[in-house]
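Structure first, then comments.
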Amino acid sequence: MPVKNLTEGNLSYLHRFQKLEFGLLLANSLKWLSFSALLGGIVGSASALFLVALNLVTDYREQNQWITIFLPSAGLLIGLAYHYWGKKVVKGNNLLIEELQSPKNIIPIIMAPLIFAGTIITHLFGGSAGREGTAVQIGGAFADQFTKVFKLKPRDRKIILICGISAGFASVFGTPLAGAVFGIEVFVIGSLLYTAILPSFVTAIIADYVCKAWGVGHTHYAIPIVPQMDMINLLLSLGTGIIFGLAARSFSTLNHGLSQLFAKIKYPPLRPFVGGFILIGLIYLLGTTRYIGLGIPVISESFTQQEPYYTFAIKLFLTALTLSAGFKGGEVTPLFFIGATLGSFLSIFVPLPVGLLAGMGFVAVFSGAANTPLACIFMGIELFGAECGVYIALACVTAYVFSGHTGIYRSQNIGSPKHLLLKRHQFLS
């Protein structure tokens with residue numbers, strides 16, 4: 001009898017708790033849906049403006065290629081701007097990751113206009129850079145102003161920052177699912193913050209919708225032939241994934257190494273100034289602008305024809321040089337370039353369709369460099385369709401493992417190591 005009464009009492013308590021829990025969840029969800037709608041609209045609009053400006057300066061540069069001779073002066077201008085007004089935000093994406101891990105100070109709003117202008121100037125005068133870093137930093141900077149305006153608690157601040165990162169990534173690439181997962185995956189290797197999953201997805205979807213509502217489109221890619229998966233294709237996918245992982249590791253290592261080299265120049269504004277001279281020398285030596293800027297035409301080309309062996313290597317070096325010298329932008333679109341052209345070249349040896357290999361490399365090199373395999377799988381499916389999903393997933397997770405515990409974001413902590421060959425404390429020390 002006592003057991004029966006105790007059970008009934010527990011059930012009654014459980015029912016009351018469930019009703020209370022539902023009310024709290026509903027109230028919390030409504031709060032975050034409101035924040036998501038507001039933030040998604042702001043970041044989506046900012047991304048639309050950024051993409052329009054980026055297209056304009058890219059077209060102008062290609063029609064007036066002589067403008068690249070001013071790349072050192074452009075670098076000096078960017079360096080001076082960050083030296084005098086942006087010392088607190090010079091870390092860029094790494095600052096966002098650090099604030100997610102150990103919240104300290106509100107991210108200054110000046111991060112948004114500085115990275116916007118710095119990226120536009122970099123692309124106008126011929127730097128080899130991307131756009132993800134810009135959108136993510138704009139999203140993070142705007143998001144953190146919510147912390148100040150609405151007096152958010154530390155746990156809520158972490159969620160709003162993730163929402164800002166997700167919104168920026170989603171709207172600049174037109175991949176809302178990948179953007180949402182990127183936001184909750186990027187700041188700790190091998191770990192996801194599921195408390196942010198609903199607001200992250202909603203904000204990313206709204207930001208993408210708003211960006212497109214402004215009439216801003218995104219590049220479309222197609223993989224026309226996807227063979228059926230069998231044991232041979234499974235092994236081929238794993239093998240190419242290893243190569244993509246090594247390419248990601250090479251980019252991260254070179255980027256960090258060149259950054260240390262440029263750090264020997266004690267006056268920071270001179271770093272992009274010197275780097276600009278090296279870049280224009282290399283550009284004129286190559287005799288083409290094919291490898292500067294985003295490189296979208298070459299990426300599209302790699303899906304339909306075999307690229308030379310040196311294409312990915314040139315882009316890898318020029319991008320690492322551009323960013324390590326202090327020019328602004330992102331790493332992701334250049335990583336798409338590196339991966340797509342590498343995959344296209346591998347079609348010489350690997351009996352898989354050139355478009356499929358290009359698509360696999362497109363997302364897999366990014367997966368290994370950013371340590372975000374889940375976001376890259378979603379991105380591959382959103383961009384290329386579900387038919388190639390198994391190939392995309394195999395390439396992304398293999399590249400993630402074989403890129404090692406390196407990456408383009410130095411501030412990433414390791415929540416779960418990629419393998420158990422070495423003990424966890426060795427990575428954290």
Handout entry: Residue-by-residue Karplus 3J(HN,Hα) for the range 35-44, coefficients 6.51, -1.76, 1.60, Hz, glycine and proline x
Key = 4, 5, 4, 5, 5, x, x, 5, 5, x
Problem - Unit Cα scatterers, Debye sum, the range 34-155: log10 I(q)/I(0) for q = 0.10, 0.17 Å⁻¹ - result: -0.35, -0.89
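Taking 29 Å as the cut-off for C-alpha to C-alpha distance, list the pairs among Lys153/Lys212; Lys151/Lys418; Lys91/Lys315 that go past it. Intermediate values should be presented prior to the final figure.
Numbers: Lys153/Lys212 32 Å; Lys151/Lys418 37 Å; Lys91/Lys315 23 Å.
Beyond 29 Å: Lys153/Lys212; Lys151/Lys418.
Using the heavy atoms of the protein chains and a 1.4 angstrom probe, tell me the accessible area per residue for the range 87-229 in square angstrom.
Values: 5470 Å² over 143 residues.
For the range 87-229, the solvent-accessible area averages 38 Å² per residue.
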Fill in the blank from the handout: Links exceeding 25 Å between C-alpha atoms in this model, out of Lys88/Lys158; Lys264/Lys328; Lys31/Lys87; Lys104/Lys266; Lys87/Lys264, come to Lys31/Lys87; Lys104/Lys266
Exercise for the section: Can you pull the one-decimal nm distance between simple spin-label points at His220 and Gln305, each 7 Å off the Cα toward Cβ? Expected result: 2.2 nm
Handout entry: Per-bin percent of Cα-Cα distances, the range 55-107 [10 Å]
Key = 20, 30, 28, 17, 4
Problem - Rounded to whole Hz, the Karplus (6.51, -1.76, 1.60) HN-Hα couplings of the range 137-154, x for glycine and proline - result: 5, 4, x, x, 5, 5, 4, 6, 5, 4, 4, 6, 5, 9, 6, 6, 6, x
Exercise for the section: Kindly express, to the nearest 10 degrees and within the range 0 to 90, the angle between helix 332-346's C-alpha long axis and the longest C-alpha principal axis of the chain. Expected result: 70 degrees
Fill in the blank from the handout: Expressed in angstrom and rounded, the centroid-to-centroid distance over alpha carbons for the range 142-161 and the range 237-295 is 35 Å
Handout entry: Dimensions in Å of the chain - Rg and Dmax from alpha carbons
Key = 22.5, 91
Handout entry: q = 0.31 Å⁻¹: log10 I(q)/I(0) that the Debye formula gives for the range 349-389, counting C-alpha atoms only
Key = -1.05
Practice task
Starting from the amide H of Val188, placed 1.01 Å from N in the peptide plane, find each other amide H under 5 Å away whose residue is 5 or more places distant or on another chain.
Solution key: none
Fill in the blank from the handout: If one builds a Gaussian network model of the chain from Cα atoms under 10 Å apart, the most fluctuating residue listed among Phe150, Phe142, Phe173 is Phe150
Practice task
Mind listing the long-range amide H neighbours of Thr175? Cut-off is under 5 Å, sequence gap 5 or more, other chains count too, H placed in the peptide plane at 1.01 Å from N.
Solution key: none
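Solvent-accessible area per residue for the range 272-311 at a 1.4 Å probe radius, Å²?
Details: 1880 Å² over 40 residues.
I get 47 Å² per residue for this part.
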Exercise for the section: Identify the trypsin sites (Lys or Arg not before Pro) of the range 119-207 meeting these criteria: DSSP loop state and at most 15 other C-beta atoms within 10 Å of the C-beta. Expected result: Lys151
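If I compute solvent accessible area with a 1.4 Å probe over the protein chains, what percent of it on the range 92-137 is carbon and sulfur? Walk me through the numbers before you get to the answer.
On the way: 790 of 1240 Å².
Whole-percent figure for carbon plus sulfur exposure: 63.
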Problem - Dipole-positive endmost among Ile197, Leu25, His419 within the chain (Cβ charges, Cα centre) - result: Leu25
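The values are calculated or read from the model by the stated rules, or taken from the named source; none is laboratory data. Note that the structure is a prediction, hence the values are computed from the model and not measured. Here the Cβ is made from the backbone with ideal geometry for all residues, glycine too, and neighbour counts use every protein chain on show. These accessible areas exclude ligands, DNA and RNA; they are computed on the full protein's heavy atoms, side chains included. Shrake-Rupley method; radii C 1.70, N 1.55, O 1.52, S 1.80 Å.
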